[in-house]
Amino acid sequence: MDRREFAVLLPALLAGLGMEKAEAQGTVPALESGVYKPSASKNGSMAGHASSKYLMGMLTAGNIRLEMHESTIQPGAEHEAVGTHKHSEIWLVREGTAELTTNGTTRTMVAGDVGICVAGDKHYIANTSDKPVTYFVVTMGPPES
């Protein structure tokens, strides 16, 4: 399976996962089988960033926290802060061009590409083009990511 086949397959697999409203109560819900629609798009904490959440919860078999959202970064917007996490992240570019920097190495991603950052690596994603970039983010890791 190549990265483009994976990019097509993963959203379909995740569509089979479910989430309850317990997140609003400050708990991480167990995911259930089902279909998830995106939340209304919200502006991020940085200008030029917006995001829609699909799901966030626990896969009880294996005690793995899973979260998925879709983000858009406008042209000229500052990149997110360099960060590290206890969870791993997968980016699936839907449209546009992004640059993914992991541990100081920058790689260009275009529509259909998949980028991965394993837990503990320093990383950020940026839009360095003159058009918006939209991508799905899937995070997987320990219960407290």
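Worth a mention:
- Any hit, the stretch 100-116, residues being surrounded by 15 or more Cβ atoms within 10 Å (Cβ to Cβ), in contact with a Cys (Cβ under 9 Å, 6 or more places away or on another chain) and in contact (Cβ under 8 Å) with a residue 40 or more places away in the chain: no
- Filtering the stretch 56-73 for residues that are hydrophobic (A, V, I, L, M, F, W, C), out of contact with any helix residue (DSSP H, G or I) (no Cβ under 7 Å at 6 or more places or on another chain) and part of a loop (DSSP other than H, G, I, E, B) leaves a non-empty set.
- Residue match in the stretch 117-131 (condition: over 14 Å from the mean Cα position of the chain (by Cα), part of a strand (DSSP E or B) and more than 22 Å from Met58 (Cβ to Cβ)): no
- Here Val35 passes the criteria (1) modelled with pLDDT under 90; (2) in contact with a helix residue (DSSP H, G or I) (Cβ under 6 Å, 6 or more places away or on another chain) except the one numbered (1).
- Given (1) over 14 Å from the mean Cα position of the chain (by Cα); (2) not in a strand (DSSP E or B), index of the condition His85 fails: (1)
The values are calculated or read from the model by the stated rules, or taken from the named source; none is laboratory data. It should be emphasised that the depicted structure is a prediction, and the values quoted were computed from it without experimental measurement. Here Cβ is always computed from backbone atoms with ideal geometry, including for glycine, and neighbour counts include all displayed protein chains.
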